[in-house]
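These notes are about the structure you will find just below.
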Amino acid sequence: TGESAILYVKGNGSGTGFSSERGYLLIDGGELYSPKMTGGDRYVNVGAYGQVVVTNGGQVAMAEGVQWLNGLGTPGKLTVAKDGSFTVDQLRISQSGSNQSEVHLDEGGLMAIHQLRMDNASTGLFAFNGGCLQAIKENRAFYAGSAASWENVTFTVGEKGAGFDLSNNVNLWWGKPLTSGAESDGGLFKKGSGILVLLSVNNYNGPTVIE
């Protein structure tokens, strides 16, 4: 709908927290995709406590140039799990100026992106819990947005660990601290022949496994 947004997933915008009654899109073994588009910026907008869950082999594949706005003005939530895959050129973790937007990468989920972005003074959570992140192509500017905006996002490692799947032989430069999100977290695991470069001080307490 509209000139730029190709999909809105929105809740009712009242109260706090997320629930399945508020703008809930479940991709359960199905596929959500967009072809290549022209005519300016194109994006998916998840906000007002709306949420998207990709699971059980479900797939999201956005064409190059299509952005995923997770929380434009109001919080949004994205979860990828259980053999679900999510491919997008740019994932904006949050553009919400108030409450926290969330991204959850759970066990079995794969997220392939070219760039992560934070805007303004938004707060954001990116929670690894067994899922894998992959870079679509090597990009030293993997994080877009001002340094100040990134001070308000937290990357946590859950009980199942934080995964990086570099089996596509693309190197990933990871510059943000990974912090423990569980009393006994699952550590970090890296798959494939691509190079994972850790540029920050991390304090997860589980093992580091290179497969």
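The values are calculated or read from the model by the stated rules, or taken from the named source; none is laboratory data. What you are looking at is a predicted structure, and each value in this text was computed from that prediction instead of being measured. Here the Cβ positions follow ideal geometry from the backbone for every residue, glycine too, while neighbour counts run over all protein chains shown. Remember, those area values only see protein heavy atoms, side chains included, never the ligands or the DNA or RNA. Shrake-Rupley method; radii C 1.70, N 1.55, O 1.52, S 1.80 Å.
General observations
- Accessible heavy-atom area order of V88, V201, V209, highest first, probe of 1.4 Å: V201, V209, V88
- Entry for segment 112-191 at q = 0.14, 0.23 Å⁻¹: log10 I(q)/I(0) = -0.48, -1.14, Debye formula applied to identical alpha-carbon scatterers, no solvent contribution.
- Calculated [θ] (222 nm, deg cm²/dmol) that DSSP helices of n ≥ 4 give over the chain, each run adding -39,500 (n - 2.57): -500 deg cm²/dmol
- Carbon and sulfur %, accessible surface of segment 63-107 computed with the full protein complex present, 1.4 Å: 38 percent
- Share of Cα-Cα pairs in segment 12-141 lying beyond 17 Å, as whole percent: 56 percent
- Cα gyration tensor category, rounded, prolate or oblate, for segment 57-211 with a/c compared to 1.5: rounded
- Ordered from highest to lowest accessible area with the whole protein assembly present and a 1.4 Å probe, Y8, Y33, Y143, Y49 read as Y33, Y8, Y143, Y49.
- For the chain, the dipole from Cβ point charges (+1 on Lys and Arg, -1 on Asp and Glu) about the Cα centre works out to 320 debye, to the nearest 20.
- For the chain, the solvent-accessible area of protein heavy atoms averages 44 Å² per residue (probe radius 1.4 Å; ligands and nucleic acids excluded).
- One chain, two ends: T179 and K137. Fully extended at 0.36 nm per residue, the span grows by 12.6 nm beyond their Cα-Cα distance.
- Cleavage-rule hits (GluC sites (Glu not before Pro)) in segment 60-156: DSSP loop, at most 16 neighbouring Cβ within 10 angstrom: E64, E138, E151
- Under 22 Å from K190, Cα to Cα: lysines that are on another chain or at least 8 residues apart: K82, K137, K160, K176
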